[in-house]
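Engineer: First the structure, which I've put down as structure tokens, then a few questions once you've had a look.
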Amino acid sequence: MAPIATTISPIENEFKSVIDFKSLNKEANVPKEFIWSSEDLLETSQGDLDVPIIDLGVISNGDAAALEAAAKVVREACMKHGFFQVTNHGVDQKLIDATNQEFVSLFELPLNRKANAYKAPWGYSCAHASRYSTSLPWKETFTFQYKHYDQSQTQIVDFFTSVLGDDHQHAGLVLQNYCDAMKKLSEVILELLAISLGVDRLFYKKFFEDAETMMRCNSYPPCSGIQAGTLGTGPHCDPTSITILFQNLEGLEVFVDDKWLGVRPQPNTFVINIGDTFKALTNGVYKSCLHRVLANKEKDRKTLAFFINPKSDKIVRAPDNILGRQEPRKYPDFTWSQLFEFTQKKHRADPNTLPDFVAEINSNESNFGV
């Protein structure tokens, strides 16, 4: 276990682990901390998922029939597994490439420099080892917040320079531009989702107009000593609302019909998946998809994930008449800050995050009533 070292973070003196994946990659086998239990693995991969690709041009081209057809495809996919892909999204490929390159450079920084780029709960994290000691994911992440209502053109620049220094001002500018593009794309996707659910087409767009999004880059280094139970990311449902994902290599899998199916990258597309918060915002009509990421023996996989969340104090409550029908509410009122705190302090994100969170809310209300 020599390649895994511990340091004291200069920020809040919080204990955290720093993992040298380059050194670990030379080992014959991965350390036991990275081996997941059999119950986490469920079944092995069994092919690829037929993920629908939606042309977002239908939102603005005035073709009502094409829009209804696209909404139907989205509705069926989200009710079954919570995944679809979008093309004609309007995001410049040069911007995507530049964003990815900035993160490539960031993850190549010396270990001590990356370790210092931590400002809980944001910044650099390695295998989430600052929070967990077993079932570690074979990955590094860099996460920051992007507030849709913050009109400052330097909100991300300010964060990057605060945790990495002034030499990362350009990286902050590139990421600011990328997040601005994602914000515009999210508005189109939220409108399409509203149409697919038969509610006011601007309902979700307005609900998330003051969103507090999380932007994350995941880096999955090569794992030459890969063995049964090694995962890039373990099985989980995103606790967030909507994820807009750009992936450059295969590895993402979704659990559908009791089997794991791959979601292969497609040219000029983003993967969209439903999270727990949006599931609650549809009264459970749309699924929060269960997914995982496999480790890769030879390839370095990078993904750009834009997690759309409501403003922290906004009440999460589904609109009436989802798909034209009134049904009893399945979820109590809660705020995104409550669910986020639950995942940070009490519960690791997994397939049961939302039901366990709801059970805690109901238990607290019951105890308060007593």
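Engineer: Which of (1) part of a helix (DSSP H, G or I); (2) touching a strand residue (DSSP E or B) at 6+ places or on another chain (Cβ under 9 Å) does Asn364 not meet, given it meets every other one?
Structural biologist: Of everything listed in (1) part of a helix (DSSP H, G or I); (2) touching a strand residue (DSSP E or B) at 6+ places or on another chain (Cβ under 9 Å), Asn364 misses just condition (2).
Engineer: Further question: Hey, among the residues in the stretch 235-248 that are touching a strand residue (DSSP E or B) at 6+ places or on another chain (Cβ under 6 Å) and part of a strand (DSSP E or B), which one's nearest to Trp36 (Cα to Cα)?
Structural biologist: Pro235
Engineer: Any chance you could count how many residues in the stretch 321-361 are hydroxyl-bearing (Ser, Thr, Tyr) and not in a helix (DSSP H, G or I)?
Structural biologist: 2
Every residue, every condition in (1) closer than 25 Å to Thr99 by Cα; (2) assigned to a loop (DSSP other than H, G, I, E, B), yes or no:
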{"residue": "Glu250", "(1), (2)": "yes, yes"}
{"residue": "Trp260", "(1), (2)": "no, no"}
{"residue": "Pro267", "(1), (2)": "yes, yes"}
{"residue": "Ile272", "(1), (2)": "yes, no"}
{"residue": "Asn283", "(1), (2)": "no, yes"}
{"residue": "Tyr286", "(1), (2)": "no, yes"}
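Rundown of residues vs (1) part of a helix (DSSP H, G or I); (2) closer than 21 Å to Ile244 by Cβ; (3) in contact (Cβ under 8 Å) with a residue 12 or more places away in the chain, yes/no style:
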residue	(1), (2), (3)
Asp150	no, yes, no
Ala171	yes, yes, yes
Ala181	yes, yes, yes
Lys184	yes, yes, yes
Leu190	yes, yes, yes
Ser196	yes, yes, yes
Lys205	yes, yes, yes
Thr213	no, yes, yes
Gly225	no, no, yes
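Engineer: Please state which one of Gly324, Gly284, Gly275 is under 25 Å from Leu252 (Cα atoms) and more than 16 Å from the chain's Cα centre (by Cα).
Structural biologist: One residue alone meets the criteria, Gly284.
Engineer: Here is a follow-up. Of the residues in the stretch 295-331, how many are touching a strand residue (DSSP E or B) at 6+ places or on another chain (Cβ under 7 Å), farther than 29 Å from Ala359 by Cβ and basic (Lys, Arg)?
Structural biologist: Number of matching residues: 2.
Engineer: Is it the case that some residue within the stretch 298-320 is among the acidic types (Asp, Glu) and under 29 Å from Ser105 (Cα atoms)?
Structural biologist: Yes: one or more hits.
Engineer: Let me ask something additional. Taking Gly284 as the residue in question, decide whether it is surrounded by fewer than 16 Cβ atoms within 10 Å (Cβ to Cβ) and touching a residue at least 12 places away in the same chain (Cβ under 8 Å).
Structural biologist: no
Engineer: Working only within the stretch 56-107, note down all residues that are charged (D, E, K, R), more than 26 Å from Tyr286 (Cα to Cα) and free of Cβ contacts under 8 Å to residues at least 12 places away in the same chain.
Structural biologist: Lys94, Asp97, listed by residue number.
Engineer: Of everything in the stretch 103-140, what is of a type in the set (D, E, K, R), crowded, with 20+ Cβ neighbours inside 10 Å and part of a helix (DSSP H, G or I)? Give them in sequence order.
Structural biologist: Lys114
Engineer: If you check Val199, Val163, Val157, which single one turns out to be under 25 Å from Cys126 (Cβ atoms), surrounded by fewer than 21 Cβ atoms within 10 Å (Cβ to Cβ), out of contact with any His (no Cβ under 9 Å at 6 or more places or on another chain) and of a type outside the set (S, T, N, Q)?
Structural biologist: Testing whether each residue is under 25 Å from Cys126 (Cβ atoms), surrounded by fewer than 21 Cβ atoms within 10 Å (Cβ to Cβ), out of contact with any His (no Cβ under 9 Å at 6 or more places or on another chain) and of a type outside the set (S, T, N, Q) leaves just Val163.
Every number in this text was worked out from the coordinates using simple rules, so none of it is lab data. Just so it is clear, the model here is predicted, and its values are computed rather than measured. Note that we place each Cβ from the backbone using ideal geometry, even for glycine, and neighbour counts take in every protein chain shown.
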